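Peer 1: My questions all concern the structure below.
The values are calculated or read from the model by the stated rules, or taken from the named source; none is laboratory data. Keep in mind the model is a prediction, meaning the values are calculated, not measured. A quick note on method: Cβ atoms are made from the backbone with ideal geometry, for glycine too, and the neighbour counts reach across all protein chains shown.
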Amino acid sequence: MWKIIRPDAIEVLYDVKARASLSHYFSVMENKRPAKFIVSKAIEVEKIEELGLEDLWRVHEEKMKEFKEVEGTLSLTKLKERSPNLLNLKVEIAKKLMESCVLCEHRCKVNRMAGQRGVCKAGKELVVSSMFDHYGEEAELVPSFTVFTLGCSFKCLHCQNYSISQWLEKGEEMSSEEVAKNVDQARRNGSRNLNCVGGNPDQYLYSWLRVFLKLRENIPIVWNSNAYYSYEQMLLLDGVIDLYLLDFKYGNDKCAYEISGIKNYTNTVKRNHVMAKKSGDLLIRILVLPGHLYCCLKTIVEWISKNLGENTRVNLMWQYYPAWKAFEREELRRRLTQEEMRESLRIAKEAGLKNIIT
Ligand code: SF4
């Protein structure tokens with residue numbers, strides 16, 4: 001049925017540009033290669049229970065070198081899960097990072113394992129709003145088994161998902177076993193990937209890593225994030241995430257602070273985009289905001305073209321509509337004009353980008 005609703009999801013399988021920039025993702029999706037989390041589970045580590053954070057990081061660095069050496073040489077059928085393994089080690093580190101939370105660049109340093117909450121208001125475990133096969137994502141992702149979790153590190157005035165990101169919904173706390181069971185079933189039914197989103201997935205890294213531990217099927221993991229996660233989190237995502245689906249929202253810190261309440265935005269997301277490209281496949285989403293074509297969009301696409309390459313796959317999104325508190329800013333009270341859509345595409349092409357989705 002979905003093939004009729006989204007014929008472009010079939011056409012994209014023959015799209016040379018899409019396949020070139022997302023080659024790892026396509027290989028896992030077609031079961032020609034193992035997902036990264038499966039490779040991590042095949043890398044044995046020594047006992048880790050007694051180690052402090054510093055020693056855990058030291059072992060992680062060593063084992064990630066091993067990961068990089070063997071990844072690409074191992075076929076799906078030859079991989080055997082070890083215990084404890086690199087993924088167990090990542091879980092242990094994520095748990096410690098939550099005891100003085102630095103999972104994102106707010107660096108709240110609250111003890112979430114003891115029930116304290118920071119800016120994102122997330123607790124220890126996943127709180128799920130809904131999970132289902134999503135047919136509205138980029139063609140290469142559809143059908144995408146998408147898990148929407150509550151909470152976000154951002155407070156975007158125009159948030160299109162504000163009932164989820166700002167905890168207006170109650171949600172349902174779910175165990176990693178339960179989520180993994182749903183994901184495995186979805187994969188057997190034909191989902192192309194697991195899409196971790198919200199709100200934002202970053203604050204639930206500890207839970208997500210445990211979901212990946214429980215998964216039995218080979219499925220590409222898509223990290224659908226606002227890209228404001230910490231350097232420490234990036235190190236843990238490496239070796240686990242197959243496709244980074246990252247937002248690039250603002251071209252300068254002033255707009256980021258005024259609209260989303262975020263400090264040090266551009267340095268953080270630039271660092272994370274560069275690291276994501278080295279770690280896995282990368283697909284960038286830019287939600288074009290009315291009145292922000294030159295202060296934001298132009299700067300973003302020029303930076304991408306120069307630093308990530310002209311063939312970086314970029315989704316130029318035109319579906320902005322005023323939601324939540326968008327009325328607080330004059331320019332955000334309307335949708336894009338036809339002229340702004342045309343102009344945004346012209347700007348992106350002029351910056352040199354050659355792999356644009358609209
Ligand atoms: S995830 Fe970020 S916003 Fe949430 S508590 Fe941790 S540091 Fe704060």
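Peer 1: Among the residues of the stretch 82-104 satisfying the criterion of being among the charged types (D, E, K, R) and surrounded by fewer than 23 Cβ atoms within 10 Å (Cβ to Cβ), which is nearest to the ligand (Cβ to nearest atom)?
Peer 2: 99
Peer 1: Return yes or no: is residue 13 within 16 Å of the ligand (Cβ to nearest atom) and aliphatic (A, V, I, L, M)?
Peer 2: No.
Peer 1: Looking at 99, 30, which one is within 24 Å of residue 268 (Cβ to Cβ) and of a type in the set (Asp, Glu)?
Peer 2: Unique residue meeting the criteria: 99.
Peer 1: What are the pairs, 6+ residues apart or on separate chains, where a residue within the stretch 92-105 that is within 12 Å of residue 207 (Cα to Cα) and touching a residue at least 40 places away in the same chain (Cβ under 8 Å) has its Cβ under 7 Å from a residue that is near the ligand (Cβ under 7 Å from one of its atoms) and part of a helix (DSSP H, G or I)?
Peer 2: 98/112
Peer 1: Looking only at the stretch 49-71, decide whether some residue is of a type in the set (Asp, Glu), within 16 Å of the ligand (Cβ to nearest atom) and either crowded, with 20+ Cβ neighbours inside 10 Å or within 18 Å of residue 210 (Cα to Cα) (or both). I'd like the intermediate steps shown before the answer.
Peer 2: Applying the first criterion (of a type in the set (Asp, Glu)) to the stretch 49-71 yields 49-50, 54-55, 61-62, 66, 69, 71.
Those left that are additionally within 16 Å of the ligand (Cβ to nearest atom): none.
Scanning the stretch 49-71, I find no residue that is of a type in the set (Asp, Glu), within 16 Å of the ligand (Cβ to nearest atom) and either crowded, with 20+ Cβ neighbours inside 10 Å or within 18 Å of residue 210 (Cα to Cα) (or both), so the answer is no.
Peer 1: Now, a different point. Cβ contacts < 6 Å: first residue at positive phi, restricted to the stretch 140-159; second residue surrounded by fewer than 24 Cβ atoms within 10 Å (Cβ to Cβ) and in a loop (DSSP other than H, G, I, E, B), any location; separation 6+ or different chain. Result?
Peer 2: 151/121
Peer 1: Please list, ordered by first then second residue, the pairs with beta carbon atoms under 9 Å, 6 or more apart or interchain, first in the stretch 1-30 and over 21 Å from residue 280 (Cα atoms), second basic (Lys, Arg) and surrounded by 13 or more Cβ atoms within 10 Å (Cβ to Cβ).
Peer 2: Here the result reads 9/192, each pair linking the stretch 1-30 to a residue that is basic (Lys, Arg) and surrounded by 13 or more Cβ atoms within 10 Å (Cβ to Cβ).
Peer 1: Of the residues 270, 278, 298, which single one is surrounded by fewer than 19 Cβ atoms within 10 Å (Cβ to Cβ) and either of a type in the set (S, T, N, Q) or over 28 Å from residue 335 (Cα atoms) (or both)?
Peer 2: Of 270, 278, 298, the one residue that is surrounded by fewer than 19 Cβ atoms within 10 Å (Cβ to Cβ) and either of a type in the set (S, T, N, Q) or over 28 Å from residue 335 (Cα atoms) (or both) is 278.
Peer 1: Considering every residue within the stretch 55-74, establish whether at least one is outside any helix (DSSP H, G or I), closer than 30 Å to residue 27 by Cβ and touching a strand residue (DSSP E or B) at 6+ places or on another chain (Cβ under 6 Å).
Peer 2: no
Peer 1: What's the total number of residues in the stretch 10-53 that are assigned to a helix (DSSP H, G or I) and either in contact with a His (Cβ under 9 Å, 6 or more places away or on another chain) or of a type in the set (Asp, Glu) (or both)? Steps first, please.
Peer 2: First, pick out the residues of the stretch 10-53 that are assigned to a helix (DSSP H, G or I): 10-14, 16-21, 23-29, 36-41, 53.
Now restrict to residues that are either in contact with a His (Cβ under 9 Å, 6 or more places away or on another chain) or of a type in the set (Asp, Glu) (or both): 11, 36.
Total satisfying the criteria: 2.
Peer 1: From the residues in the stretch 105-146 that are of a type in the set (Gly, Ala, Ser) and assigned to a loop (DSSP other than H, G, I, E, B), which one is nearest to the ligand (Cβ to nearest atom)?
Peer 2: Taking the stretch 105-146 and keeping what is of a type in the set (Gly, Ala, Ser), we get 114-115, 118, 122-123, 129-130, 136, 139, 144.
The next check asks that each one be assigned to a loop (DSSP other than H, G, I, E, B); those that pass are 115, 118, 122-123, 136.
On the way: 115: 12, 118: 3, 122: 6, 123: 10, 136: 27 Å.
Residue satisfying both the conditions and the ranking: 118.
Peer 1: Can residue 154 be described as within 16 Å of the ligand (Cβ to nearest atom) and more than 19 Å from residue 173 (Cα to Cα)?
Peer 2: yes
Peer 1: Select from the stretch 157-195 the residues that are within 14 Å of the ligand (Cβ to nearest atom) and crowded, with 24+ Cβ neighbours inside 10 Å and list them in ascending order. Spell out how you get there, then give the answer.
Peer 2: Step one: filter the stretch 157-195 for residues within 14 Å of the ligand (Cβ to nearest atom), giving 165-167.
Scanning the stretch 157-195 gives a single hit, 165.
Peer 1: Out of 249, 263, which single residue is buried (at least 21 other Cβ atoms within 10 Å of the Cβ), charged (D, E, K, R) and either at pLDDT below 95 or within 29 Å of residue 334 (Cβ to Cβ) (or both)?
Peer 2: Just one listed residue meets the conditions, 249.
Peer 1: Within the stretch 199-209, is there a residue that is touching a residue at least 40 places away in the same chain (Cβ under 8 Å), more than 16 Å from the ligand (Cβ to nearest atom) and either buried (at least 21 other Cβ atoms within 10 Å of the Cβ) or of a type in the set (Lys, Arg) (or both)?
Peer 2: Checked against the condition, which is being touching a residue at least 40 places away in the same chain (Cβ under 8 Å), more than 16 Å from the ligand (Cβ to nearest atom) and either buried (at least 21 other Cβ atoms within 10 Å of the Cβ) or of a type in the set (Lys, Arg) (or both), the stretch 199-209 yields no hits at all.
Peer 1: Still on this structure: If a residue must be under 25 Å from residue 106 (Cα atoms) and surrounded by 19 or more Cβ atoms within 10 Å (Cβ to Cβ), how many such residues does the stretch 136-156 contain? Before you say what the answer is, go through the steps one by one.
Peer 2: Initial filter on the stretch 136-156 (under 25 Å from residue 106 (Cα atoms)): 147-156.
Next, only the ones that are surrounded by 19 or more Cβ atoms within 10 Å (Cβ to Cβ) stay: 147-154, 156.
Result for the stretch 136-156: 9.
Peer 1: Identify all residues within the stretch 279-316 that are β-branched (Val, Ile, Thr) and part of a helix (DSSP H, G or I); write none if there are none.
Peer 2: 299, 300, 301, 304
Peer 1: Oh, and also: When you look at residue 251, is it of a type outside the set (A, V, I, L, M, F, W, C), without any contact (Cβ under 8 Å) to a residue 60 or more places away in the chain and in a loop (DSSP other than H, G, I, E, B), yes or no?
Peer 2: When the stated conditions are applied, residue 251 passes them.
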